[in-house]
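The values are calculated or read from the model by the stated rules, or taken from the named source; none is laboratory data. Quantities reported herein were computed from a predicted structural model and do not represent experimental measurements. When we count neighbours, we look across all protein chains shown, and the Cβ atoms used for this are built from the backbone with ideal geometry, even at glycine.
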Amino acid sequence: MPGKRGTLNGSRQGRAASRFEPARLRKHGATPRVSLAAWSLAAGKAVVFAAILGTGTGAGVALGGRPHVGRNGVGGEWGHNPLPWTTSEETPGPDCYCGKRGCLETWVSGTGFENDYARLTGTRLPGPDIAARAEAGEPAAVTALQRYADRLARGLAHVIGILDPDVIVLGGGMSNVSALYRLIPEQWGRWVFGAEVDTPLRPALHGDSSGVRGAAWLWGECSQ
Ligand SMILES: [Zn+2]
């Protein structure tokens, strides 16, 4: 539907305003730009990319301790880039609320993980339960987690190819899945040009509450 593509409500000004609506922040688990900037300052990292992997997928970029929002206000809208290097089974991908199909959000959000497990098994479970089943060795859960890690590795490989950040930070519910910090770096060599990747992948400083914290701070700034 053409009317749903690109912008969420028509004008650029409207789009900028929509970025800070509480409903949008709630839907995405928040864009973590403010907490990200504070984190990058504290950690002394020049270039930081953070992704919040919760109900939806938010992301943010900090450069020199400052959030980078960008000329069009869409810096960090990585969740609505397409999943890269898709297989035939991943094409065209699930419908995204933004009007496109196959956005990263539909694959690497916690909801995307749950949907993939449901596709494999016909059973719908919360993400933490699926992760626990994977750890216990349930084959379908192991497959879902490996596919999830591979997709996230591909999505983050694109980020490395453009930004080559000093660190990549994960927040949101999926950031609690410890296996990801092993599985994703193992995959990066397949997807990043030159194959040698030593980018640190870390959980957010405040765990999966970082997105919420970022939302609160953003909302406080923008409503003044
Ligand atoms: Zn989308």
Result of the Cβ filter at 8 Å on the range 91-110, keeping first residues that are more than 10 Å from the ligand (Cβ to nearest atom) and partners that are among the polar types (S, T, N, Q), at least 6 apart or interchain, is V108/T57; S109/T55; S109/T57; G110/T55
Does A149 meet the test of being over 17 Å from the mean Cα position of the chain (by Cα), within 22 Å of A50 (Cα to Cα) and away from the ligand (no atom under 16 Å from the Cβ)?
no
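When the residues of the range 48-78 are narrowed to those that are assigned to a strand (DSSP E or B) and over 17 Å from the mean Cα position of the chain (by Cα), which ends up surrounded by the most Cβ atoms within 10 Å (Cβ to Cβ)?
Residue satisfying both the conditions and the ranking: L63.
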query = Is it the case that W39 is of a type outside the set (V, I, T), modelled with pLDDT of 90 or more, surrounded by 15 or more Cβ atoms within 10 Å (Cβ to Cβ) and under 22 Å from T199 (Cα atoms)?
reply = no
So, first residue farther than 23 Å from V47 by Cβ and touching a residue at least 12 places away in the same chain (Cβ under 8 Å) in the range 147-159, second residue among the basic types (K, R) and outside any helix (DSSP H, G or I), Cβ within less than 6 Å, six or more apart or across chains; the pairs are none
The lone condition W85 fails out of (1) at pLDDT 95 or above; (2) closer than 21 Å to S175 by Cβ; (3) more than 15 Å from the ligand (Cβ to nearest atom); (4) hydrophobic (A, V, I, L, M, F, W, C) is (2)
What do you reckon, is G137 surrounded by fewer than 21 Cβ atoms within 10 Å (Cβ to Cβ) and either modelled with pLDDT under 95 or within 17 Å of the chain's Cα centre (by Cα) (or both)?
-> no
